[in-house]
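Taking it in order: structure first as structure tokens, then the write-up.
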Amino acid sequence: MNHLPSGKWMADTLKDNRWDVAIIGAGPTGLAAATELKKAGIKRVIVLDREFEPGGIPRHCGHPPFGIKEFSRVMTGPSYARRLVGSAENAGVNLAMKTTVTSLGAQGTLSIVSPEGLGEVKAKRVLLATGARETPRSVRMISGDRGLGICNTGTLQSMIYLNNLIPFHRPVVVGTEIVSFSALLTCKKAGIQPVAMLEEESRATVRWPIYHAVYIFGVPLFLGTRIINILGDKRVRAVRVSDKNGDKREIVCDGVVFTGQFTPDSSLVRMSHLDLDQKTERPLVDQYGRCSDPSYYAAGNLLNQPVEVAGKCWSKGCLTAQQIVKDLNEELLST
Amino acid sequence: MNAAHYNENSRPHDDRISTASLLAEGDIAIIGGGVVGCAVARRMTLEGASVVLIEKAADILDGASKGNSAILHTGFDAPVGTLEWECVQKGYEEYLEIRKSLNLPLLKSGALVAAWTEEEEERFTDIIKKGHENGVKDLLLLSRSEVLDLEPNLSENIRAAIAVPGEYVIDPWSAPLAYLLQALENGGQAFFNAGVRGGDFDGAYWLLNTPRGKVKARYVINCAGLYGDILDRDVLGATEFNIKPRKGQFVVFDKAAHKLVRSIILPVPTERTKGIVLFPTIFGNLMVGPTAEEQEARGDSSVAKEILSELHAQAVQKLPALTDIPVTATYAGIRPATERKEYRIIEDSARNWITLGGIRSTGLTAALGIARHVHSLLSNQDVEFKAIENPIVPHVPNLAEHLPRDYETPGYGEIICHCEMVTRREIHSALTAKVPAASLAGLKRRTRATMGRCQGFYCSARLAELTRGKFDEPLAVGEVDG
């Protein structure tokens, strides 16, 4: 994927910092919304993203199916990401990569930092599209050693699809969500053979495709089974598990992939003046996706519960963009 | 790797290794690169000695020093008149004196000794008396309403508190790094993966055997922390104390919790331990811990779900707003407790050997004072060195949240760890520094990478790439074929 212009180009772009809409996050939601806004005639739209290239999570999901609804084709994640970026660029969206928003201020004033320095972006409307991430081991409070080889699916995928690196050879996969299936596909692609898939509940979270997948990939699925201890001071060497009868045993492995249990990436909201639902950790929004400060909107997996696949985020991005267009045109009734 | 590990069950002894060539020679060999070893290396270098620090791990701070509460103690509750109290006082003063020149941060948090029960409150008179005896004169008794004025988010069940304005929060990893760096910048040497496997004293010089060769020195300072007793037994043939490893687990809360409390919230201490503390960290988080769990294994710093949940519950009880704050991390450290409460500083003057044992939670503060004590012990033996004039003063990178960070200066390349705002420039410096990070843990301590909310979700892949070939235990174990 081409790296987008940064450096001087970006410094110049950001210098004129009065935007119609600033979007935080260049994943499917943010890119779809940006493209939609431009198509609807909104002049100055910028997408800010802290990563070095745009596309969000699909960049490192090297397998299909992506793009069925949006582009009427079956694509892999990376080609889907490239397509989204291409559409946004063709529509005239400004993309500022390596640009981290450090705080959300009143009335759409964002503090940012990029390799060129600290700055500020002002926009009439801001769309928060920061997505979600999986819950790490620490928050799950899993007992045991803290050696290398413990990660989430997202990390596994970035290592394999972006860096061609393998974090382990024979991991245990924890969880049976859609993303867990994605973890199995990723392992297969990299020649990693998971030794077991564990699910604490008595049935898989998504029965299709998990039951098929474990059969196809030859990964034994243990239901009603949870990790009670991770062993391996320097690097994982085994996990101790307990099954539904309370019987305990050890599974030899060299890694643990904690999949799913997505949590919204809402730390910017938490540290800001915007209202946050403390239980779900999502920003509080009205039926239009508008936050407690009406210059802010939120969409995509930052709000979705449970998280949705890229196509659904793309749709939400488009819908929210339409609301923002109406709002900017002062058509939206005050609530 | 050929790192030597002290282990009760298998003590490696390799004749081929012990006949190896001379690795280094100096006036003083310091065994152990924890905070105490680093501080002694600095002090003795500044006093003019040639110092060789040898560490069995690949990096400094691999034992007890990697997990502590990061508090700069006034010593208000130290046992009156003890060496520990003296070292804490001197260490405290010296830290404040040198910290700016070394670029070491200080969070002037102050502490509150909080009483939650009548019994605890009854002990306040004794605590204040002891504080005064220890020379900490600015203790202040606060009523319930005064406490809540100062810390409005504390639970209303608080009964009273003693304010200890001089207790501060520091960076527990940058400080020892700065100490060792200053030693090295001024002529000291440090060797890693060099665990001592025995040694001989010929009446004038020690020859210590390490897997990397022999180290020759006139004096040896045992700063081996959790393995101090084993080292004495192995090399001297006997030990005066036995390490009783004591685990302390911690829960780290999200940065959103930092604003909930300004002070370090100390419990009323017991005979055995300082107890469970709720404290802001220099990195902008809030932490609760440590527990005090006796265990056999010196290297077992695993965490336990039930204990972590209990710690979490205790924190929420004291600071109810924590209910809504996510947990960021959990970890555990091990303190080198012994069968007695006091420091076990033992001098074998016939054999030019000093053991610094049993140094627990006060070690971070006391290290600089302990180092001065070592110097005075040597001086008493008529060992004279000529102090260096105008020593080089290195700067360590700042990681404190309340001070300017690297990302605020342009040209950092890119931000690698987004949660902790760690730049590629910082990672690069840590990997190529004079004392480079030699493990992911070492890189974390030097930069904070992966220590934030997502615990490496976003940056581990980039880190695996940036650290390729740098660590004995790499993040990646192979490459994708084709």
The stretch A:110-198, dipole about Cα centre (Lys/Arg Cβ +1, Asp/Glu Cβ -1), debye to the nearest 20: 140 debye
Pairwise centroid distance, computed over Cα atoms, of the stretch B:338-361 with the stretch B:79-145, Å: 24 Å
Residues of type aspartates and glutamates that A:K43 reaches as a straight line, Cα spacing below 18 Å, ignoring anything fewer than 8 places off in the same chain: A:D12, A:D16, A:D20, A:E89, A:D327, A:E330, A:E331
Charge dipole (the protein assembly as shown, unit charges on Cβ, about Cα centre) - positive-most of B:L286, B:G275, A:G144: A:G144
Residue-averaged beta-carbon neighbours from other chains (10 angstrom radius) around B:404-416: 4
Cα lying deepest toward the dipole's positive end in the stretch B:74-143, options B:L102, B:Y92, B:H132, charges on Cβ: B:L102
At 1.567 mPa s and 4 °C, Stokes diffusion of the stretch B:406-466 via Kirkwood alpha-carbon radius, µm² per second: 114 µm²/s
Residue-averaged beta-carbon neighbours from other chains (10 angstrom radius) around B:417-423: 2
Rounded to whole Hz, the Karplus (6.51, -1.76, 1.60) HN-Hα couplings of the stretch B:245-252, x for glycine and proline: x, 10, 7, x, 9, 10, 10, 9
Reachable aspartates and glutamates, given that their alpha-carbon falls under 20 Å from the alpha-carbon of B:K341 and they are not under 8 places away in the same chain: B:D77, B:E84, B:E86, B:D126, B:E133, B:D229, B:D232, B:E240, B:E271, B:E293, B:E294, B:E296
Listed residues B:A449, B:T423, B:S439: farthest to the positive end of the dipole of the stretch B:406-466 (Cβ charges): B:S439
Accessible area (Å², 1.4 Å probe, nearest 10) - B:C223: 10 Å²
Beta bridge orientation in chain A: antiparallel %, DSSP, nearest 5: 45 percent
Kirkwood Rh in Å, taken over all unlike Cα pairs in the stretch A:88-240: 18.4 Å
Computed P(r) (all Cα pairs; chain A; 10 Å bins; percent): 6, 25, 30, 22, 13, 4, 0
With DNA, RNA and ligands ignored, accessible area of B:T82 (1.4 Å probe; Å², nearest 10): 40 Å²
Among beta bridges that DSSP assigns inside the stretch A:156-277, antiparallel share in %, nearest 5: 50 percent
Magnitude of the charge dipole, chain A, Cβ model with Lys/Arg +1 and Asp/Glu -1, debye to 20: 600 debye
Charge dipole magnitude, Cβ of K and R +1, D and E -1 - the stretch B:406-466, Cα centre, debye nearest 20: 220 debye
Span from the the stretch A:256-335 Cα centroid across to the the stretch B:363-389 one, whole angstrom: 60 Å
Residue pairs, from the table B:K259/B:K305; A:K39/A:K122; A:K234/B:K56, whose Cα atoms sit over 24 Å apart: B:K259/B:K305
Paired Rg and Dmax values of the stretch B:248-358, which use every Cα atom, in angstrom: 17.1, 60
Calculated over chain B: convex hull of Cα atoms, volume per residue (Å³): 157 Å³
Bridge type composition, the protein assembly as shown - antiparallel percent by DSSP, nearest 5: 60 percent
Relative contact order (percent, whole number), the stretch B:406-466, Cα cutoff 8 Å, 6+ residue spacing: 30 percent
Projected-area average for the protein assembly as shown over all orientations - Cα convex hull basis, square nanometres: 36.4 nm²
Cross-link pairs beyond the 21 Å C-alpha cut-off, checked among B:K66/B:K137; B:K66/B:K274; B:K108/B:K255; B:K129/B:K274: B:K66/B:K137
Lysines with Cα under 20 Å of A:K189, excluding same-chain neighbours fewer than 8 positions away: none
Highest-first arrangement of A:187-200, B:361-374, where packing means the average Cβ count within 10 Å: B:361-374, A:187-200
Relative contact order [Cα under 8 Å, 6+ residues apart], chain A, whole percent: 20 percent
Percent of alpha-carbon pairs separated by more than 12 Å within the stretch B:168-207: 73 percent
For B:L112, distant residues with modelled amide H under 5 Å away: B:V164, B:I264, B:I265, B:L266
Rounded Å value of the spacing that divides the Cα centres of the stretch B:184-230 and the stretch A:183-228: 50 Å
Per-residue [θ]222 nm for the protein assembly as shown (sum of -39500 (n - 2.57) over DSSP H runs n ≥ 4, rounded to 500): -8000 deg cm²/dmol
Average other protein chain Cβ within 10 Å of Cβ, residues B:466-478: 4
Rel. contact order, % - alpha carbon contacts under 8 angstrom, at least six apart, chain B: 21 percent
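The values are calculated or read from the model by the stated rules, or taken from the named source; none is laboratory data. Not measured: the values here are computed from a predicted model. Neighbour counts run over all protein chains shown; Cβ positions are idealised from the backbone, glycine included. The accessibility values were calculated without ligands, DNA or RNA, using every heavy atom of the protein model including side chains. Shrake-Rupley method; radii C 1.70, N 1.55, O 1.52, S 1.80 Å.
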